[in-house]
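*Asks:* Starting off with a structure, shown below.
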C-alpha cells in the first residue's frame, strides 16, 4: 500500500509513538534552561540596580556635606578677615565670640544644629587651646594626612559611631599671619586667652603650618538603603518581560523544532513497525530538519522500489521464489541499515552545524522576515490601489501608525539587522586575523556604501541624548571608482576610527561643559574621500575633539595600547586597523593631531591590489 503523507495512514494501521514516561521532553528542557537563565539575568539586574542607587545616594551625601562644609569655611574666613579686624578697631580686649574663629564657628553651628541636628561640625587640632577641640584618633590621622600631603585640600570617608556609620568630609586649616596674635608666642597672646586657656597648649605655631582641620560629619542611616518600592517595581517589570519572552520562545521552539521532530519520529516509527506501508513526510523547510525529512523520503522511496522489484521477481521467477525471497530479505536489511546510518549521519551533522553556527538561525530568520515584510507591504499597497476610498477607521489607523514612515523604515531596519549580524561574525574574524594571517576574499565594492552602513550601525551613538548633544556628520564624497578590497575588513576600520572619534568627543564634552558654561560646543566628525591618482584613493576621518598628546601619538597603533578606562577599551581597534590597511591591502594609514585641535586619520588604499607600493 502507498500513502502520500503521514496523515493518510488508516487508524487501524497507524501505531502512535509512545513517549517514555521517565524521559523529560526536549521542549521542557529548553523551557527550564531558559527560565533559569532569565532568573540569573534578573538577579544580576537587581543587584546592579542596587549598586547604582548606592552610588547615587553616596554622591548626594557628599554634595550635602560639601555645602555645609563650605558654609563653615565661609563663617571662619568671615570672622578672621572681617569681624575680628572690625572689633579690634573698637576695643583692645579679646572678645572670643567675635575674634576666635573656632569659638565663634562652633557657636554658629550650635544654633544651626537646633534646626538641623544631624550635621556635626568639628574643628579639631593636635594641640588646641580648648580641650574640647582635641582631635580624636580618626581626626588625628586626617590632620597627619594633610600634613604629609600639603597639596591635597579635601578628603572624605566613613567613621563608625557605635552601630551607625557616619560620613565625613574634611579640609585642612593652615596657619595664617592674622592668627599669630593668638597662637604665636605665649607672651604676645592677649591676656584673656591666657586667663581662659592657659599658656601651654595652642602656641608656637608658624605661618603655613597645617595645625587643624575643618570637618563635617553626616549620618548615612536611611540614605544608602534602596527603597522597597523601587525593588518591587523592577522585579515586576522583570517578571512580566520574562513571562512574555518565555512564552514567545516556547511557541517558536515548539513550532520550528518540537512539532517537526515529533512528526519525523512518528514517521520513522511507522516505517520501522510497518515495512509494507510507504510513509512520506511533508516538510518543505530548507534547514537540517527539512533535509532529514527529504532523506527519510528518499529512504522510503528506496524501500518502496525494493518491494516493487521483489513482487516483479516473484511473478517472473516462481521457480526460484525461496532463493529470491531470501536474497531480497538480505538486501532489505542492508538497505534499512544503510538508510538508518545515513539519517543518523545527517542528524549528527545538523546538530553539529547548529552548535558551531548559532548565528545562522538568526541570519536565516532575518532573510525570511525581509521576504515576508516585502510581501506584506506589497499586499498593503495592492489594497490601497484597489480600494482607494478606505474606511475612516482604516485611515485613522494608517495615520496612528505612520504607515508611510513604517513602510520606508521597515526595510532599513531589516537591512540594518542583517548588517549587524554580519558585523558580529566579522568582529570575531578580525580578532582571529590579528594573531593568524588569513587570505581574505577581495571584491570590487562601493566604498561610500561601506561608510554609510557603518554610520547606520553607529547612529544610536551619534544622536543627541540627555547627556550629550548630537554629533554632526559632515560628508565630502568625491566620485570614486569601485575599490578592490575585503569589504568587511575595510568597514571594520571605519567602525574603529569613527567609534574612537565618538568616544573622544563625548569625553571632551564632559570636560568642556565643566569649564565652559556659556560657550556651546558643537561636536563634528568630517568624512572626506578623494581620488589621488589613477591607482589610489584617500579617506580622511577627522573630529574637532581634544586631539592626541604628542607623547602618545606614536603609540596609538601598538597592540593593547589604550587611554580608555579598564573595561571600556581593549587597545586592539587601531592595531587591527593598521594590519588591515597596511598588511592586507598594501595601503597607508597615519594620524595627524595637535592638542585642542582635533584628530585626523588619513587612509590611502590602492584601487586594484598588487600595485607598486612605491607609488603610495
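*Asks:* When only C-alpha pairs under 8 Å and at least 6 residues apart count, what is the relative contact order of the stretch 526-570, in percent?
*Replies:* Contact order relative to length: 23 percent.
*Asks:* Continuing with this model, one more query. Sort 463-472, 58-67, 534-543 for me by packing, meaning the mean count of neighbouring Cβ atoms within 10 Å per residue, highest on top.
*Replies:* 534-543, 58-67, 463-472
*Asks:* Tell me the label-point distance for the pair residue 597, residue 55, using the 7 Å Cα-to-Cβ offset, in nm and rounded to one decimal.
*Replies:* 3.6 nm
*Asks:* Sorting 30, 233, 146 on the 10 Å Cβ count, fewest up front, what's the list?
*Replies:* Fewest-to-most ranking of 30, 233, 146: 233, 30, 146.
*Asks:* Go through 134-144, 408-418 and give me the packing order, highest mean Cβ count within 10 Å leading.
*Replies:* The densest-packed peptide leads the list: 134-144, 408-418.
*Asks:* In what order do 529, 220, 56 fall by count of nearby beta-carbon atoms within 10 Å, going from fewest to most?
*Replies:* Going from least to most buried by this count: 56, 220, 529.
*Asks:* While we're on this one: Give me 214, 522, 480 ranked fewest to most by other Cβ atoms within 10 Å of their Cβ, as a rough exposure proxy.
*Replies:* Starting with the residue having the fewest Cβ neighbours, the order is 522, 480, 214.
Values in this text are rule-based calculations from the coordinates and carry no lab data. Here the structure is a predicted model, which means the values were calculated and not measured. So basically every Cβ, Gly included, is an ideal-geometry build from the backbone, and we count neighbours across all protein chains shown.
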